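Only one structure is covered here, and it is reproduced in the block below.
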Amino acid sequence: MRVFRIIIGVICFPAALLLPAGRVDWLEGWAFLIVFFSAMVILRMWVARRHPGLLKERFHHAPDVEKWDTILMGVYTCLLLGMFVVSALDSGRYGWSSMPIGVRIVGWIGIGIALAIVWWVMSVNPFASRWVRIQKDRGQEVITVGPYRYVRHPMYVGSIISVICIPMILGSWWGILPGASAGLIFVFRTALEDRTLLDKLPGYQDYASRVRYRLLPGIW
């Protein structure tokens, strides 16, 4: 099942981006795919050495995953694919909008920041599951170091930055609409996951009393 999901991701992800573009010489699309897949391969190899059980956890949909999370992530996946399709149709095929090079550079900088945040999270949190569940089988405990000293859900900060910056890299103003909508899914997920952790994870209430902000220091 894990290999099957990897194969599907490797095929469907580029297809959702390149097929709507209708051309093989779309430089923005190829540049993003090369950088993204290279970063993911390096990150997974590094995580496999540092936290061997984490990759298995991220690919495993356990029966105790919160039901609302399965629904939210389904909606998120649809919005993510929509973001790629709209961006490809806009920038790669029809040219509905024109994005200055400066904005595209900001997008690349943002993706770099997002990847750095994800790496930081993975380096300190062996329980950074793809799904919302209390990992009793893995002895889950509250993580209070690294980026968790500043916000309670730093992985989602990186995810939100990513879905805003990817359409900027691809050169599509229209792609930001489904991208921003995907980001809002993570805002809702943050609120629901925080409630779950407060109710079910020992020590989280004390941690939440010390680290007050969920996503943005000083704001929320």
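All of the numbers you see were taken from the coordinates with simple rules; none came from a lab. Note that this is a predicted model, so its numbers are computed, not measured. FYI the Cβ positions are ideal-geometry reconstructions off the backbone, even for glycines, and counts take in every protein chain you see.
Within region 144-182, list the chymotrypsin sites (Phe, Trp or Tyr not before Pro) lying in a DSSP loop whose Cβ has at most 14 other Cβ atoms in a 10 Å radius.
Taking region 144-182 and a limit of 14 other Cβ atoms within 10 Å, the loop chymotrypsin sites (Phe, Trp or Tyr not before Pro) found are Y150.
If I take every Cα pair under 8 Å that is 6 or more residues apart in region 78-162, average their sequence separation and divide by the length, what percent do I get for the relative contact order?
Once normalised by length, the contact order is 33 percent.
With θ set to phi - 60° and the Karplus curve 6.51 cos²θ - 1.76 cosθ + 1.60, what are the ³J(HN,Hα) couplings of region 119-134 in order, to the nearest whole Hz, using x for Gly and Pro?
4, 4, 4, 4, 6, 10, 10, x, 10, 6, 5, 6, 10, 8, 7, 8
For the charge dipole of the chain, defined by +1 on Lys and Arg C-beta atoms and -1 on Asp and Glu C-beta atoms about the Cα centroid, which residue among I34, M99, L170 has the Cα displaced farthest towards the positive pole?
Highest projection toward the positive end goes to I34.
By how many nm would the segment from I34 to D206 grow when fully extended, if each residue of separation counts as 0.36 nm and the alpha-carbon distance is taken off?
Full-extension gain reported as 57.7 nm.
What list do you get for D194, D90, D137, D69 if you sort them by fewest beta carbons within 10 Å?
D137, D194, D69, D90
Might you report the magnitude of the Cβ-based charge dipole of the chain about its Cα centre, with Lys and Arg at +1 and Asp and Glu at -1, to the nearest 20 debye?
420 debye
Once you order the gyration tensor axes a ≥ b ≥ c over the Cα atoms, which shape class does region 42-143 get: rounded for a/c under 1.5, otherwise prolate or oblate by comparing a/b with b/c?
It is oblate, given that a/c is not under 1.5 and a/b is not larger than b/c.
Pull up the cross-link candidates among the aspartates and glutamates for K200, meaning alpha carbon to alpha carbon under 15 Å and not fewer than 8 places away within one chain.
Counting by Cα, and skipping residues close in sequence, K200 has these aspartates and glutamates nearby: D64, E66, D137, E141.
For helix 154-170, report the angle its Cα long axis makes with the longest principal axis of the Cα atoms of the chain; keep it between 0 and 90° and round to the nearest 10°.
Tilt relative to the chain: about 0 degrees.
Taking 0.36 nm per residue of sequence separation and subtracting the Cα-Cα distance, how much length would be gained by fully extending the chain between I105 and W119, in nm to one decimal?
Extra length available between I105 and W119 comes to 2.9 nm.
Name the most mobile residue of P147, P100, P20, meaning the one with the largest mean-square fluctuation, in a Gaussian network model of the chain with Cα contacts below 10 Å.
P100
What does the charge add up to near S123, with Lys and Arg as +1, Asp and Glu as -1, over the other residues with Cβ less than 14 Å from its Cβ?
Summing Lys and Arg as +1 and Asp and Glu as -1 gives +4.
Just add up the charged neighbours of I219: K/R +1, D/E -1, any other residue whose Cβ is under 14 Å from the Cβ of I219.
Value of the local net charge: +3.
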